[in-house]
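To start, the structure itself, in structure tokens.
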Amino acid sequence: MLLPLILLAAAPAPIQEESKVPPYTLPDPLVSGAGVKVDAAGWRSGRRAEVLRALETHVYGRTPDTSALRASAVQEVREHDAGALGGKATRTQLRVWPVGRKAPFFDLLVYLPNGRGGRSPVFIGPNFGGNHTAVDDPAVLPPETWVSKQWSDPSRPARASERHRGAQSSRWQLEMLIARGYGLATFYYGDIEPDHPEGWKDGFRAALSPAGRDTVWKDGEWAAIGAWAWGLSRGLDVLARMPGVDDSRVAVIGHSRLGKAALWAGAQDERFAMVVSNDSGCGGAALSKRTFGETVGVISGFYPGRGFPHWFTRRFSTYSENEAALPLDQHWLLAAAAPRPLYVASAAEDLWADPRGEFLGALHADPVFRLLGTPGLGTDVFPEVGRPVGLSVGYHVRAGKHDVTAEDWANYLDFADRNMKAR
Ligand code: GCU
């Protein structure tokens with residue numbers, strides 16, 4: 001008997017060579033829905049909002065307005081030490097219920113430099129494995145929420161493990177930040193929403209939905225990246241109330257999937273004074289229409305058993321192998337940061353994230369930065385490895401793999417010194 005042949009759609013092999021990138025046309029972020037090219041006033045009064053709506057509709061979903069609920073925010077200091085890092089910093093660990101005690105909480109870890117006088121600028125970013133993994137400091141409290149296998153203890157599945165303390169400290173470079181006068185704030189992204197398809201049920205998406213865990217997500221509603229981005233804004237709410245923080249100089253940063261979240265947070269929340277994307281790739285700084293490396297279809301779960309369908313709003317996956325139909329591209333996301341300083345970074349071996357596509361994302365956002373009176377990128381040439389470029393839009397491609405390194409941070413801090421001025 002002949003068995004019926006079932007054809008399961010398989011993803012095409014990833015493009016890894018520039019010569020294989022198909023021709024594409026990028027929609028101009030400065031041309032309004034009505035087809036009119038806007039000036040700076042037009043961008044501010046209407047076009048910027050249109051760009052954000054388009055990003056919600058086609059990529060990330062709409063973030064609910066939780067401003068009224070936030071009147072019930074509660075926070076508790078769990079630990080505080082004015083002599084952390086051998087006296088160089090003040091460490092504060094807070095538990096935050098941003099919409100009241102009936103919803104989940106997140107634990108925010110903050111270090112501020114000592115002896116600087118006045119208020120310090122701060123970088124805030126979510127971490128992958130728990131606050132205790134981000135810095136090498138025995139006093140840091142591990143998360144109590146779900147962690148993935150990579151970060152758990154084999155004897156306590158899904159629970160944070162002591163053996164990962166400091167495991168990602170090279171990605172945060174706390175000593176460097178403190179020495180240069182910057183503070184660091186971080187929280188475990190799984191406190192906001194555990195990163196798996198059912199994770200939303202234990203995070204803020206269910207807590208904030210009237211239907212709770214019975215929610216049926218409709219097209220256009222938010223997804224995990226939106227939730228993590230919302231968490232970054234809630235972290236900023238806390239920082240803005242801390243006396244040692246200069247809330248006019250808080251930069252948002254994220255790596256990889258959390259770089260996508262940092263960009264979306266920076267796009268929506270103009271209180272962030274600077275936006276940094278480290279190797280954010282597809283759904284982050286890289287142009288989708290190039291289809292280089294990871295594609296819309298692969299990331300959004302269009303192909304059975306692959307990708308991260310819970311990261312994006314449903315419509316995003318409909319552009320799989322149909323990127324030409326996307327009425328926007330990721331340069332719109334970067335443009336939404338304008339005129340605030342923006343830094344996009346890539347790693348030369350990280351072809352999955354498409355370094356050139358990340359550069360081109362910044363380049364095609366640049367007209368918006370310049371229209372708004374900032375110097376922008378200052379070049380249209382993809383730089384050599386290890387040579388940062390840019391004026392108020394920065395970019396570098398460093399040697400090596402998908403990671404955050406001391407070299408990346410040194411560039412971010414140089415750029416912040418030049419561009420993130422007290423307002
Ligand atoms: C996967 C995913 C990327 C993501 C990365 C990460 O590789 O395909 O889109 O950026 O994970 O977050 O580390």
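The values are calculated or read from the model by the stated rules, or taken from the named source; none is laboratory data. Predicted, not measured: the structure shown is a model, and the values here were computed from it. Methodologically, a virtual Cβ is constructed for each residue, glycine included, from the backbone with ideal geometry; neighbour enumeration extends over all protein chains shown. Calculation scope for accessible area: heavy atoms of the full protein, side chains included, ligands and nucleic acids excluded. Shrake-Rupley method; radii C 1.70, N 1.55, O 1.52, S 1.80 Å.
Mind jotting down the three principal axis lengths of the stretch 288-347 based on Cα atoms? Whole angstrom, largest first.
That works out to 39, 27, 21 Å along the principal axes.
Counting DSSP beta bridges in the chain, what percent are antiparallel, to the nearest 5?
Antiparallel: roughly 50 percent of the beta bridges in the chain.
List the residues, sorted by chain then number, that are 5 or more residues from GLY254 or on another chain and whose placed amide H is less than 5 Å from its amide H.
Amide H to amide H, under 5 Å and 5 or more residues apart or across chains, GLY254 pairs with VAL276, ASN278.
So how far, in whole Å, is the C-alpha centre of the stretch 46-61 from the one of the stretch 69-95?
35
Once the other residues with Cβ under 11 Å from the Cβ of GLY281 are scored (Lys, Arg +1; Asp, Glu -1), what is the net sum?
Combined, the nearby Lys, Arg, Asp and Glu give -3.
Given LEU208, ALA185, SER161, which one lies farthest toward the positive end of the charge dipole of the stretch 129-222, if we put +1 on the Cβ of every Lys and Arg and -1 on the Cβ of every Asp and Glu?
So the residue furthest toward the plus end is SER161.
Rank these residues by their accessible area, most exposed first, probe 1.4 Å: HIS364, HIS255.
HIS364, HIS255
Kindly write out, for the stretch 62-70 in residue order, the coupling ³J(HN,Hα) from the Karplus curve 6.51 cos²θ - 1.76 cosθ + 1.60 (θ = phi - 60°), rounded to whole Hz, with x marking Gly and Pro.
Residue by residue, the stretch 62-70 yields 8, 7, x, 7, 10, 4, 5, 5, 5 Hz.
Please sort by residue number the GluC sites (Glu not before Pro) in the stretch 303-380 whose DSSP state is loop and whose Cβ has at most 11 other Cβ atoms within 10 Å.
Sparse-neighbourhood loop GluC sites (Glu not before Pro): none present.
Around ALA11, under 11 Å between beta carbons, what's the net of Lys plus Arg minus Asp minus Glu among the other residues?
Overall, the nearby charge balance is -1.
Give the residue from VAL110, VAL74, LEU85 lying farthest towards the positive end of the charge dipole for the chain; charges sit on Cβ (+1 for Lys and Arg, -1 for Asp and Glu) and the dipole is referred to the Cα centre.
Looking along the dipole axis, the top candidate is VAL74.
Whenever you get a sec, line up PHE316, PHE105 from highest to lowest accessible area (probe 1.4 Å, protein heavy atoms).
PHE105, PHE316
Report the charge-dipole magnitude of the chain in Debye, nearest 20, computed about the Cα centre from +1 at each Lys and Arg Cβ and -1 at each Asp and Glu Cβ.
Here the size comes out at about 860 debye.
Note down the accessible area of LYS88, probe 1.4 Å, to the nearest 10 Å².
Spelled out: LYS88, probe radius 1.4 Å, area about 100 Å².
Show me, for the stretch 9-16, the HN-Hα J-couplings you get by feeding each phi into the Karplus relation (A = 6.51, B = -1.76, C = 1.60, θ = phi - 60°), rounded to Hz, glycine and proline as x.
4, 10, 6, x, 4, x, 6, 10
Would you work out which of ALA262, ALA362, PRO383 lies farthest towards the positive end of the dipole of the chain, given +1 charges on the beta-carbon of Lys and Arg and -1 on that of Asp and Glu, about the Cα centre?
Of the candidates, ALA262 comes out farthest on the positive side.
Between beta-carbons, use under 15 Å as the cut-off and find the net charge around TYR189, counting Lys and Arg +1, Asp and Glu -1.
-1
Rank PHE382, PHE272 by accessible area, highest first, at a 1.4 Å probe radius?
From most accessible down to least: PHE382, PHE272.
Report the number of Lys pairs in the chain whose alpha-carbons are under 24 Å apart, with separation of 8 or more residues or on distinct chains.
14
Where the centroid of each part is defined by its Cα atoms, how far is the stretch 367-423 from the stretch 246-266 in Å?
After rounding, the separation between the Cα centres reads 15 Å.
What is the distance in Å between the Cα centroid of the stretch 297-321 and that of the stretch 147-171?
The stretch 297-321 and the stretch 147-171 have Cα centres spaced 28 Å from each other.
Quick check: residue separation of GLU349 and ALA9 times 0.36 nm, minus the Cα distance between them. What number comes out in nm?
119.6 nm
Can you work out ³J(HN,Hα) from phi for every residue in the stretch 80-87, in order, using Karplus 6.51 cos²θ - 1.76 cosθ + 1.60 and θ = phi - 60°, giving whole Hz and x for Gly and Pro?
Using θ = phi - 60°, the values come out as 8, 8, 7, x, 6, 6, x, x Hz.
Name the residues whose placed amide hydrogens come within less than 5 Å of the amide hydrogen of SER152, ignoring near sequence neighbours (fewer than 5 apart) on the same chain.
For SER152, whose amide H was placed from the backbone, there are no distant partners under 5 Å.
Over the chain, what relative contact order in percent results from Cα pairs under 8 Å that are six or more residues apart?
In percent, rounded to a whole number, it is 16.
Quick one: dipole size for the stretch 189-317, taken about the Cα centre, charges +1 on Lys/Arg Cβ and -1 on Asp/Glu Cβ, in debye to the nearest 20.
Here the size comes out at about 360 debye.
Of the peptides 184-195, 9-20, 90-101, how do they stack up when ordered by the mean number of other Cβ atoms within 10 Å, highest first?
Peptide ranking by packing, descending: 184-195, 90-101, 9-20.
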